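In what follows, a structure is listed as C-alpha cells, so that the remarks can point back to it.
The values are calculated or read from the model by the stated rules, or taken from the named source; none is laboratory data. None of the values given here were measured: they were computed from a predicted structure. Cβ: placed from backbone, ideal geometry, glycine included. Neighbour counts: every protein chain shown.
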Amino acid sequence: MRELISAELFSAIEVPTRNAVAELIDSKLPITILSEANLQGALSIAPIEAALLESKVHYRRRIEGTVSEGMTNCIVIDTTNEGKGVDWDSKRNILTVTETMSIALSGHQGDSKVGPLTTVSISHCIAQLISPSGSNVRRMRPWAISGNWIHQCMDMTYDPVYASLKDALRLEGSIRVVPITEVPLPNVENLDFIDSENLKEISARWDSMGEEGRARSISHMCREVLHKKIPSTSRLEEIVWNCIMAPGWKSDLASQIRSSSSIWNGRDQRIAASEIIDGLIRNGKL
C-alpha cells in the first residue's frame, strides 16, 4: 500500500500534514477528534480513529462539539468550509482539516483539471501517517474515495480527483472496479431508473455475453435516465459501469452509502454518525 500523502494530488498539503501529525503524536497527550454530525464527518473520523487505536494513542471523539479556548491536541474535521486542506495551530496543537481544491490531471492542451480534496481523503492520509502498516487502516483504504463520491461535484461535471484516487487505489490492489452486474448485492432501491428484476436477469446472463451484448444490455436497462439531468453522466457511469468493490464486500461502495442513509432517518444525528464510525472501524464497511 503506497503512501497516500506522497501522491501528486496531495503535494500542496504534504509537508504541513506530515509536520502536524508528527507533533500531535510526539506530544504523547490524548488527542480529541471533533466533527459535525454528518456522513462526511463520520467518513473522515473513522480512519483516524482506526489508526489511533492501532497505534495505542489515547483519544476522545466529540461529535457536534466545538473547540473551546483551553483545548489543545485536537484534530478538527471542518466539513462546512473550504480552506487550505490542513491548518496547523502550533501553539495549541490543533490540526484543522478542510476541503480544498487540487490539480489532478492535465488536459490535452496542457490545461489543469481541478477537483476537490475532501476531508475524507485527507483524513486517510493522516491515518496512514499515524499507523503506516496498520491492518485496519489498510482495510478501510477503499473509503478514501468516498468523500468525492458523495461530493456535489460528481453531479455537475467530471471529477479528476475522484478518477485519480480510483486509479491509485486500483493499482495498489485496494479496490476492484466492476460493472453493477458483477456486484453480488447491489442496492438499487433508490435508483428508479434500474429495475431490480431486469438487473438480476442481465447479471445471470452476463458471463455468456460478448462486449457488444453487455453494452447493449446496460444501455437498455438505463435508457429511461439517459435524457435526464439527474444523475449526471459521470455519476451514472460510476453507478452502472465502475462500481467500487473491495475484499470481503458483497455490496459496492455506492450501494453501501445509499443503504446507510436509513441510519440517519428520524435519529439523533450524533448517534447516527457514531454508528457509522463504529461500523467502519469494526467491519471496514457500512
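If you filter the range 121-135 down to residues that are out of contact with any Pro (no Cβ under 6 Å at 6 or more places or on another chain) and closer than 20 Å to ARG176 by Cβ, you find that the one that is surrounded by the fewest Cβ atoms within 10 Å (Cβ to Cβ) is SER135.
Suppose we filter ALA12, ALA37, ALA42, ALA46 for residues that are in contact with a helix residue (DSSP H, G or I) (Cβ under 6 Å, 6 or more places away or on another chain), part of a loop (DSSP other than H, G, I, E, B) and closer than 16 Å to THR119 by Cα; which single one remains?
Numbers: ALA12 fails: in contact with a helix residue (DSSP H, G or I) (Cβ under 6 Å, 6 or more places away or on another chain); ALA42 fails: part of a loop (DSSP other than H, G, I, E, B); ALA46 fails: part of a loop (DSSP other than H, G, I, E, B).
Checking each option against the conditions leaves just ALA37.
Kindly indicate which of ILE276, ILE271 is surrounded by 20 or more Cβ atoms within 10 Å (Cβ to Cβ) and either free of Cβ contacts under 8 Å to residues at least 60 places away in the same chain or assigned by TED's automatic domain parsing to the domain that holds VAL137 (or both). Only one candidate qualifies: ILE276. Of all residues in the range 203-254, those that are in contact with a Pro (Cβ under 9 Å, 6 or more places away or on another chain), assigned to a loop (DSSP other than H, G, I, E, B) and of a type in the set (D, E, K, R) total 2. Evaluation of TRP88 against the conditions (1) buried (at least 20 other Cβ atoms within 10 Å of the Cβ); (2) in a strand (DSSP E or B); (3) in contact (Cβ under 8 Å) with a residue 60 or more places away in the chain shows that the sole unmet condition is (1). Might you check whether a residue that is surrounded by 14 or more Cβ atoms within 10 Å (Cβ to Cβ) and farther than 26 Å from ASN198 by Cβ occurs anywhere in the range 226-247? There is at least one residue in the range 226-247 that is surrounded by 14 or more Cβ atoms within 10 Å (Cβ to Cβ) and farther than 26 Å from ASN198 by Cβ.
For the range 193-222, residues that are among the acidic types (Asp, Glu) and in contact (Cβ under 8 Å) with a residue 12 or more places away in the chain total 1.
Just to be sure, is ARG62 surrounded by fewer than 20 Cβ atoms within 10 Å (Cβ to Cβ) and either assigned to a strand (DSSP E or B) or touching a residue at least 60 places away in the same chain (Cβ under 8 Å) (or both)?
Numbers: surrounded by fewer than 20 Cβ atoms within 10 Å (Cβ to Cβ): yes; either assigned to a strand (DSSP E or B) or touching a residue at least 60 places away in the same chain (Cβ under 8 Å) (or both): yes.
Here the answer is yes, as ARG62 does meet what is asked.
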